[in-house]
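In what follows, a single structure is set out as structure tokens and then discussed.
The values are calculated or read from the model by the stated rules, or taken from the named source; none is laboratory data. Predicted, not measured: the structure shown is a model, and the values here were computed from it. For neighbour counting, all protein chains shown are included, and Cβ atoms are generated from backbone atoms with ideal geometry for every residue, glycine included.
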Amino acid sequence: MELYGERGYEQTTVAAIAERAGLTERTFFRHFADKREVLFAGGDALQEALLSAVDKAPDSLAALDAAAAGIEAIAVLLPDRAVAQHRQAIIDANPELRERELIKMASLSNALATALHNRGLTEPSASLTAEIAIAAFKNAFERWVDKTNQLGLQELIQQAFVAVKALSAEAQPASR
């Protein structure tokens, strides 16, 4: 992360990363497929936490609330805010990394949709709910890494889901 900040993503080599970490390039490649994956390590753990929380959510919980429980579970696995801000700045500065981030989010959404489907939610509701939950997470995360923000990620996630529910209530047709 420091090297990406110092040199920029494009100018940072695997050799430089390995040297800074006190490793050989061979050891680096045992842990990461390429230098891009340094920024995306831990994605499997996020997905596992998401799915586990949705799976453990009470059956009586509404689908969106089960999805919110999953999103809140992954929030505790993220690095501290300063590291997340630094990581996000590196990603935002590089189109290739932004694309990889979108792929990661799509993968989380697909996994969440499957978990919701396993809870009995049919399509397209499972996919729509998953997409909404991921959008709420992205909104909360973007607000969290904003340097002007003073709130914690969990609080921002809860606010995002409250906003989603409020929008959903507004969209309900009036009773006749």
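The condition of being at negative phi, in the same structural domain as ALA160 (by TED's automatic domain parsing) and surrounded by 13 or more Cβ atoms within 10 Å (Cβ to Cβ) does not hold for LEU77.
Can you find, within segment 57-80, the residue that is modelled with the lowest pLDDT among those that are more than 19 Å from MET1 (Cβ to Cβ) and charged (D, E, K, R)? By that ranking, first place goes to ASP59. Of the residues examined, ALA113 is not one that is in contact (Cβ under 8 Å) with a residue 60 or more places away in the chain, more than 26 Å from THR12 (Cβ to Cβ) and assigned by TED's automatic domain parsing to the domain that holds ASP59.
Name every residue in segment 116-131 that is in a helix (DSSP H, G or I) and either surrounded by fewer than 17 Cβ atoms within 10 Å (Cβ to Cβ) or without any contact (Cβ under 8 Å) to a residue 12 or more places away in the chain (or both), in order of residue number. Show your work before the answer.
Restricting attention to segment 116-131, the residues satisfying the condition of being in a helix (DSSP H, G or I) are 116-118, 125-131.
Of everything in segment 116-131, those that are in a helix (DSSP H, G or I) and either surrounded by fewer than 17 Cβ atoms within 10 Å (Cβ to Cβ) or without any contact (Cβ under 8 Å) to a residue 12 or more places away in the chain (or both) turn out to be HIS117, ASN118, SER125, LEU128.
Scanning segment 38-56 for residues being at pLDDT 90 or above, small (Gly, Ala, Ser) and touching a Leu at 6+ places or on another chain (Cβ under 9 Å) gives a total of 2. Is there a residue in segment 87-98 that is without any contact (Cβ under 8 Å) to a residue 12 or more places away in the chain, more than 20 Å from LEU46 (Cα to Cα), touching a Lys or Arg at 6+ places or on another chain (Cβ under 8 Å) and in a helix (DSSP H, G or I)? Yes, that holds for at least one residue. Among the residues of this structure, PRO58 does not count as one that is of a type outside the set (Asp, Glu), assigned by TED's automatic domain parsing to the domain that holds GLU142, farther than 30 Å from SER125 by Cβ and not in a helix (DSSP H, G or I).
Let's see how each residue does on (1) assigned to a helix (DSSP H, G or I); (2) closer than 21 Å to LEU128 by Cβ; (3) touching a Cys at 6+ places or on another chain (Cβ under 7 Å); (4) touching a residue at least 24 places away in the same chain (Cβ under 8 Å):
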{"residue": "TYR4", "(1), (2), (3), (4)": "yes, no, no, yes"}
{"residue": "THR12", "(1), (2), (3), (4)": "no, no, no, no"}
{"residue": "PHE29", "(1), (2), (3), (4)": "yes, no, no, no"}
{"residue": "ALA33", "(1), (2), (3), (4)": "no, no, no, no"}
{"residue": "ARG36", "(1), (2), (3), (4)": "yes, no, no, yes"}
{"residue": "ASP44", "(1), (2), (3), (4)": "yes, no, no, no"}
{"residue": "VAL54", "(1), (2), (3), (4)": "yes, yes, no, yes"}
{"residue": "ALA66", "(1), (2), (3), (4)": "yes, yes, no, yes"}
{"residue": "GLY70", "(1), (2), (3), (4)": "yes, yes, no, yes"}
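Looking across segment 109-130, just one residue is more than 20 Å from the chain's Cα centre (by Cα) and among the β-branched types (Val, Ile, Thr), and that is THR122.
Is it the case, given these coordinates, that ALA68 is on the phi < 0 side of the Ramachandran plot, in the same structural domain as LEU46 (by TED's automatic domain parsing), within 12 Å of the chain's Cα centre (by Cα) and surrounded by 12 or more Cβ atoms within 10 Å (Cβ to Cβ)? First the steps, then the outcome.
Numbers: on the phi < 0 side of the Ramachandran plot: yes; in the same structural domain as LEU46 (by TED's automatic domain parsing): yes; within 12 Å of the chain's Cα centre (by Cα): no; surrounded by 12 or more Cβ atoms within 10 Å (Cβ to Cβ): yes.
Answer is no for this residue.
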